[in-house]
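For reference, the structure is listed below as structure tokens.
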Amino acid sequence: MPASRKIIISCAVTGAIHTPSMSKHLPVTPRQIIDEGIAAAEAGAAILHLHARDPENGRPTQEPEAFRAFLPQLRQATAAVLNLTTGGSPHMSVQERLRPAAELKPEIASLNMGSMNFGLYPMLKRFSEFRYEWERQHLENSRDLVFKNTFADIQHILEIGNANGTRFEFECYDTSHLYNLAHFVDRGLAKPPFLVQTVFGLLGGIGAHPEDVAHLKRTADRLFGDDYVWSVLGAGRNQMPVAALAAAQGGNLRVGLEDSLWIGPGKLAESNADQVRKARELLAGLGLDVATPDEAREMLALKGAGNVGF
């Protein structure tokens, strides 16, 4: 992957990890998600990775109607690629998680590449007061939580997406997830170019040490050669350090309030766009150009915004 090509910035606008009481800047309502998505795209994000929330209490939801409350507006207002989650929340069944992507047929959807522990409970040390009871339970219950993504689950999501022309952001939290992807490549269910989103620093997955980043990249290089597009996300305080490690190697970057609420030590990000601008400044300092949405579509062989179901 030559460092001279343009770099895709993805922005994960809200996610299902953080809760409303953690930051007043976390978008919850459809209007907030629309405004945050537009601002992130204007700041330079070529891809918007999207979850939905119950506007009354901010709880993650995979009801397709919740996505329909903001997708058409985002599609009309931006040229960004709209990427729908199939991860939803680790507390949801795969059938529930798949519904938005299955019904709305996006250009691209996320796909978690293996079952794993998914520990959010350490955040209870930092946040102790919550507006909604579900927030505390959401964190506490992760002590005894396996985020289920079996081979059968992954195959089912791949088959639905392939039938709809949806491609995937393959989320790989550990080395085994890269090998799981290689397994589905060998079976012909995943076809290049692959967007391999390596995830660092989430409890239950690989760490965020530079050697961890190097190890996953070396493994992906060996397994996929020139057939993949490498992107990284660092969880929490690891967001920008991991981005810097990848950017220096021509890697693509994912930022956003799903992955980190922070813009610097002890300072909350006031918007997703703040993080996109910081990532863009990082790339500019390395002499790297940012890909436009249409350039990202070409790099990832996407079907185009005119072929979605919303």
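We did not get these values from a lab; they are worked out from the coordinates using the rules stated. Everything quoted here is computed from the prediction, not taken from an experiment. FYI the Cβ positions are ideal-geometry reconstructions off the backbone, even for glycines, and counts take in every protein chain you see.
Under the combined filter of DSSP loop state and at most 10 neighbouring Cβ atoms within 10 Å, region 47-150 retains these GluC sites (Glu not before Pro): E56, E129. Total lysine pairs in region 9-307 at Cα distances under 18 Å, for residues eight or more apart or on different chains: 6. Only DSSP H runs of four or more residues enter the estimate; each adds -39500 (n - 2.57), and after division by the residues of the chain the mean residue ellipticity at 222 nm equals -11500 deg cm²/dmol. Expressed in units of 2.2 N^0.38 Å, where N is the residue count, the Cα radius of gyration of the chain is 0.90. Secondary structure note: in the chain, about 15% of the DSSP beta bridges are antiparallel. Just so you know, the averaged projected area of the alpha carbon convex hull for region 89-226 sits at 9.4 nm².
Sorted ascending by nearby beta carbons within 10 Å, beginning with the fewest, R75, R143 become R143, R75. The gain in end-to-end length when the D54 to D221 segment is fully stretched comes to 56.1 nm, 0.36 nm per residue minus the alpha carbon separation. With neighbour counts taken as other beta-carbon atoms within 10 Å, the residues H91, H138 rank, fewest first, as H91, H138. This ranking places Y179, Y173 by how few other beta-carbon atoms lie within 10 Å of each, fewest first, which gives Y179, Y173. Please list the helices of the chain that count as membrane-span-like by this rule: a mean Kyte-Doolittle hydropathy of at least -1.0 together with Cα atoms stretching 15 Å or more along the helix axis, each helix being a complete DSSP H run. TM-like helix candidates: 30-43, 94-104, 151-164, 175-186, 210-224, 272-285. Dimensions of region 167-280 based on its C-alpha atoms, expressed as ranges along the principal axes with the largest first, amount to 45, 25, 24 Å.
Taking 0.36 nm per residue of separation and subtracting the Cα-Cα distance, full extension of the segment from E211 to K303 would add 29.6 nm.
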